[in-house]
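Engineer: My structure is below; once you've seen it, I'll send some questions.
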Amino acid sequence: MGSEGPLAPAVAVTVHVTGFKKFHGILENPTETIVSNLTEYVKKKGLPKGLTLGSCSILETAGQGALASLY
């Protein structure tokens, strides 16, 4: 069956999650909502062993909203 072999050593994985702010024509971007709430959700529900939530960032989509940070 293949499952009889020795267990592989545990590997730690860190996940970094990004979402985008709303942009032209979109009233609410679901990725912004998900990323904004993810840290609290993980605190309540936890993550599988070996998995760590590294960061949750909301990014500007493009165009006018990003100009200030570029200058």
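The values are calculated or read from the model by the stated rules, or taken from the named source; none is laboratory data. Worth saying up front: this structure is predicted, and the values here are computed from it rather than measured. Methodologically, a virtual Cβ is constructed for each residue, glycine included, from the backbone with ideal geometry; neighbour enumeration extends over all protein chains shown.
Engineer: For the stretch 1-42, how many residues are more than 23 Å from residue 60 (Cα to Cα), loosely packed, with under 10 Cβ neighbours inside 10 Å and free of Cβ contacts under 8 Å to residues at least 24 places away in the same chain?
Structural biologist: Of the residues in that region, 9 qualify.
Engineer: Out of all the residues in the stretch 48-63, which are surrounded by 11 or more Cβ atoms within 10 Å (Cβ to Cβ) and in a loop (DSSP other than H, G, I, E, B)?
Structural biologist: 60, 61, 62
Condition check ((1) modelled with pLDDT of 85 or more; (2) assigned to a strand (DSSP E or B); (3) more than 21 Å from the chain's Cα centre (by Cα)) across all residues:
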| position | (1), (2), (3) |
| --- | --- |
| 4 | no, no, yes |
| 7 | no, no, yes |
| 10 | no, no, yes |
| 26 | no, no, no |
| 32 | yes, no, no |
| 42 | yes, no, no |
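Engineer: I'm told residue 45 meets every condition in (1) touching a residue at least 12 places away in the same chain (Cβ under 8 Å); (2) basic (Lys, Arg); (3) loosely packed, with under 10 Cβ neighbours inside 10 Å except one. Can you identify the failing condition by its number?
Structural biologist: (1)
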